[in-house]
Amino acid sequence: MRTGPDRTALAALALGIAGVAVSGYLTVVHYGGVALACQQSSLIDCEAVTTSSYSLIPGTDLPVSLAGLAWALVVVGLASALLSGARGADVILLVWSAVAMIPVLYLVWAEIVIVHRICLWCTVFHAIVLGTLLAALVRLQGAAALEEQV
Amino acid sequence: MQVSERAGTRRARRAQRQPSRGPRPRGRSVWRGPLPIVAVVVAVVVVVGIFVAISRQPAATPAEQSPVVNSAVVSKVTSVPASVFDQVGAGTSQDIIHPAPAGDVLKGASGKPLAIYVGAEFCPYCASERWSFILALSRFGTWNGLALSRSSSTDVFPNTPTFTFRNASYASDYLELSAVETSDREGKPIASMTPTQDKAYARLDSGQSIPFIDVGDRFYSVGAGYAPDVLSGKSWDDIAAALRDPSSAVAKAVLGHANKWTAAICAVTGGQPGDVCSGPAVKGIQLPSK
C-alpha cells in the first residue's frame with residue numbers, strides 16, 4: 001500500500017535525478033569548453049551568466065554547478081533512504097533543501113541585478129531546489145498529520 | 001508499504017500506551033494545511049520581485065550627463081606600481097590574445113608599431129577590456145582626455161564603470177594608438193572606423209564583434225579578458241584602490257590581463273622600454289605563437 005509520504009519521496013528522487021542531470025550538464029560544459037544549448041534573447045543569455053564570476057564558487061576556480069551536482073547527489077541518496085524506510089531522512093532533506101535556497105537566491109540575485117540576464121539551465125536547477133524543499137515540507141506535513149490522527 | 005505498516009504498528013502501540021493523552025493542541029494545525037507551502041512560495045516570489053525592482057532602478061551614473069574627464073582618477077589608475085603588476089602576473093584573466101597571421105608589423109604614420117582598438121561605449125565587454133588596455137598602454141606612454149563612462153544600463157552587466165576613448169589621445173615613444181568608439185552609451189553611432197582600422201577589423205575579427213584590439217598586426221583579441229562583473233557595483237576610485245592590492249579580484253583580473261597586453265606590445269616594440277619589458281611578470285607570460 002503506497003501512501004502520500006512515499007509519493008513525496010519518489011518526487012524528491014525524481015527531482016534529485018533531474019538535478020544531477022542539469023548540474024552535470026553544466027559542469028561538463030564548463031570543463032569541456034563546449035557551447036551551452038540555450039536560446040539567446042534580450043533577457044535570456046546562458047553564456048553571459050555561466051561565464052560571469054558568479055558562476056564560480058567564491059575564492060576558487062570551481063564552477064557552482066559542481067556544488068549543485070554534489071547537492072543533487074545527496075538529494076538522490078536521501079530520497080532513496082526515505083524509500084527504503086530510513087528514519088530522520090525527511091528532516092535532513094528539509095534542512096538540506098532549505099539551506100540550498102540561500103545560494104540559490106544569491107545566484108538569482110546575481111542573474112537579475114548584476115548580469116541582467118537569465119540562464120535557463122540555472123533557473124531549472126533553482127526550480128528543482130525549490131521543488132525539493134516543497135516535497136520535503138509536504139512529506140513532513142503528511143507524517144505529522146498521520147501522527148495527529150493516531 | 002513496509003514503511004507505513006511499520007509506522008502504523010508503532011503508532012498503534014504508542015496510542016495504547018498513552019490512551020489518555022487526547023487530541024493535540026489546536027496550535028499545531030498551522031503546520032498542517034497549505035499555509036507552510038504557500039508561505040515558502042510567496043516568500044520566494046517576494047524576494048525575486050525585490051530583485052527585479054532593484055534591477056530596474058537607474059544607477060547613479062556621473063557619466064550620464066556627458067563624458068567627464070577626471071584627471072585624479074586617471075592618474076591613480078595609470079600609476080599602479082610595477083611591483084603590483086609583477087605580483088599579479090597573469091592573474092585570473094582568460095587567454096583571449098591570439099597571434100595574427102604572418103606579416104610585417106603594422107606601423108603608424110610615425111613609423112612606430114600601431115595598436116588598434118575598435119569598441120563602443122554601450123558595450124560592457126569593451127568596458128572591462130579598456131581598463132587592462134589603458135593600464136598596459138600607460139606603461140609605454142601617456143594618456144590625455146580619458147573620460148569616465150559606463151556601459152549601457154540596459155545591456156548585460158549594466159552600468160559597468162569604465163573610460164571612453166571618444167576624445168582621448170595617447171602619446172608614446174614606442175607605439176601609436178588608433179582607437180575608435182563607434183557608438184555612444186545608448187547605441188547611437190558617433191564615429192566610423194578609419195580605413196586602417198576597418199582593414200584590420202575585417203581581416204582579423206571574422207565575427208565582427210567588439211571589443212577588437214590589434215597590436216601591430218601581430219597579436220589581436222576579440223572580447224574581454226575577464227568578465228565585467230568583477231567591476232560591478234564599484235566606483236572608479238574603488239577600482240583604482242583595488243588595483244594597488246595584488247590580492248584583490250580586481251587586480252588579478254585587470255592587471256593580469258594588462259600584463260598579457262604588455263607582453264604583446266613588448267613583442268612589437270622590440271622589448272622596449274627595457275624596464276617594462278624585462279619585468280618578471282611580463283617575461284613570465286607565454287604568448288601564443290602561430
- Query: Can you tell me which residues in the range B:255-289 are free of Cβ contacts under 8 Å to residues at least 60 places away in the same chain, part of a loop (DSSP other than H, G, I, E, B) and closer than 20 Å to B:Leu243 by Cβ?
  - Reply: none
- Item | Cβ pairs under 6 Å, 6+ apart, first in the range B:228-248 and more than 12 Å from chain A (Cβ to nearest Cβ), second polar (S, T, N, Q) and outside any helix (DSSP H, G or I) | B:Ala242/B:Ser248
- Item | Pair list, Cβ < 7 Å and 6+ apart or interchain, from the range A:123-141 residues that are at the interface with chain B (Cβ under 10 Å from one of its Cβ atoms) to residues that are at pLDDT below 95 and not in a helix (DSSP H, G or I) | A:Gln141/B:Trp31; A:Gln141/B:Arg32
- Considering (1) part of a loop (DSSP other than H, G, I, E, B); (2) touching an Asp or Glu at 6+ places or on another chain (Cβ under 8 Å), say which one B:Tyr226 fails and leave the rest. (2)
- Tell me, which strands (runs of 3 or more DSSP E) wholly within the range B:134-217 include 1 or more residues that are more than 14 Å from every other protein chain (Cβ to nearest Cβ) and touching a Gly at 6+ places or on another chain (Cβ under 8 Å)? B:169-172, B:176-181, B:212-215
- Item | Candidates A:Ile114, A:Ile102 - the one that is surrounded by fewer than 19 Cβ atoms within 10 Å (Cβ to Cβ) and within 30 Å of B:Pro161 (Cα to Cα) | A:Ile102
- Exactly one condition in (1) modelled with pLDDT under 85; (2) under 30 Å from B:Arg56 (Cβ atoms); (3) in a helix (DSSP H, G or I) is not met by A:Gln39; state its number. (3)
- For the range A:87-109, state whether one or more residues are in a helix (DSSP H, G or I), more than 7 Å from chain B (Cβ to nearest Cβ), among the charged types (D, E, K, R) and touching a Pro at 6+ places or on another chain (Cβ under 9 Å). yes
- Message: Take B:Glu176 and tell me if it is over 20 Å from the mean Cα position of the chain (by Cα), surrounded by fewer than 21 Cβ atoms within 10 Å (Cβ to Cβ) and either touching a residue at least 60 places away in the same chain (Cβ under 8 Å) or farther than 29 Å from A:Asp61 by Cβ (or both).
- Response: yes
- Query: When you look at B:Ala115, is it in contact (Cβ under 8 Å) with a residue 24 or more places away in the chain, closer than 20 Å to B:Ser221 by Cα and in a strand (DSSP E or B), yes or no?
  - Reply: yes
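The values are calculated or read from the model by the stated rules, or taken from the named source; none is laboratory data. Computed from a predicted structure; not experimentally measured. Cβ coordinates were reconstructed from backbone atoms using ideal geometry, including for glycine residues, and neighbour counts include every protein chain displayed.
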